[in-house]
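> Have a look at this one.
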Amino acid sequence: MSDRAPKTTLVVNGRARELSLDPRTTLLDALRDHLDLPGTHKGCDHGQCGACTVLIGGERVLSCLALAVMHDGDEITTVEGLAARAGAGDAPEALGALQAAFVAHDAFQCGFCTSGQLCSATALLAELARGDLSVVTPDDDTVRVTGDEIRERMAGNLCRCGAYPNLVAAIAEVAGQGEEGAS
Ligand code: FES
Ligand code: FES
């Protein structure tokens with residue numbers, strides 16, 4: 001892209017990155033092809049599988065459906081950033097709690113969907129902590145960590161390997177409920 005292209009600054013995993021992008025570049029391609037962050041995966045490239053999920057301002061976004069230039073100045077977290085901010089004092093390569101739970105519960109097989117699942121699950125934990133309602137929240141509007149809440153909130157992330165029960169168990173553990181509580 002020519003140097004005359006407008007500059008776009010993406011704050012990715014806490015680091016400001018300035019790019020000159022074709023305005024048609026998706027956020028997914030900007031991350032993978034321009035910023036050398038291949039952890040965010042391209043599955044369908046049509047907003048249907050969730051493999052490309054990243055966090056923007058803590059909310060999940062399908063990066064294949066977002067134009068990078070629309071996120072000038074935004075704080076973006078990719079799966080690489082989840083590892084880096086595993087906890088104060090942890091080494092950058094330390095696993096976060098969700099990542100460790102995914103390993104412990106065998107929540108992946110081929111791993112293609114995993115980065116998107118981890119980003120979505122990170123946002124899910126924040127939603128539960130805030131008490132955000134979903135369509136399966138009971139009529140008393142009390143959000144509990146149940147299998148139904150987790151499945152509903154993770155419904156946009158497909159897993160071709162079918163690791164769904166293990167994903168639910170891993171997320172439930174980190175959300176503060178055992179597998180039983182989330183069944
Ligand atoms: S690659 Fe974005 S939803 Fe499938
Ligand atoms: S682990 Fe293979 S697609 Fe989910």
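The values are calculated or read from the model by the stated rules, or taken from the named source; none is laboratory data. The structure displayed is predicted, hence computed values, not measured ones. Positions of Cβ are generated from backbone atoms using ideal geometry, with glycine treated the same way; all protein chains shown enter the neighbour counts. Accessible surface is based on the protein model in full, side chains and every heavy atom, while ligands, DNA and RNA are left aside. Shrake-Rupley method; radii C 1.70, N 1.55, O 1.52, S 1.80 Å.
> Please state the equivalent ellipsoid semi-axes for the range 1-59: what are the square roots of 5 times the Cα gyration tensor eigenvalues, largest first, in whole Å?
Working: eigenvalues 86, 41, 19 Å².
Three semi-axes, in Å: 21, 14, 10.
> What order do Glu173, Glu18, Glu80 take when sorted by accessible area (1.4 Å probe), most exposed first?
Glu18, Glu173, Glu80
> What number, rounded to the nearest 500 deg cm²/dmol, is the helix-based mean residue ellipticity at 222 nm of the chain, given -39500 (n - 2.57) per DSSP H run of at least four residues and division by all its residues?
That calculation yields -8000 deg cm²/dmol at 222 nm.
> Binning at 5 angstrom from zero up to the longest distance, how are the C-alpha pair distances of the range 31-182 distributed in percent?
2, 10, 18, 23, 21, 15, 8, 3, 1, 0
> Can you list the HN-Hα couplings for the range 20-32, worked out from phi with the Karplus curve (6.51, -1.76, 1.60; θ = phi - 60°), rounded to whole Hz and with x for Gly and Pro?
Computed from phi, the couplings for the range 20-32 are 9, 10, 4, x, 8, 5, 6, 4, 4, 5, 4, 5, 6 Hz.
> Another question about this same structure. Would you compute, for the Cα atoms of the range 9-119, the largest minus smallest coordinate along each principal axis and list the three values in descending order, in whole Å?
42, 33, 22
> Explain nothing, just the number: dipole magnitude of the range 7-81 about its Cα centre with +1 on each Lys and Arg Cβ and -1 on each Asp and Glu Cβ, in debye rounded to the nearest 20.
Around 60 debye, computed over the range 7-81.
> Another question, if that's okay. Using Cα centres only, tell me the gap between the range 135-155 and the range 1-75 in whole Å.
30
> Size of the dipole of the chain about the Cα centre, Lys and Arg at +1 and Asp and Glu at -1 on the beta carbon, nothing else charged, in debye to 20? Spell out each step's value before the answer.
On the way: 14 positive and 26 negative charges, 105 e Å.
In total the dipole reaches around 500 debye.
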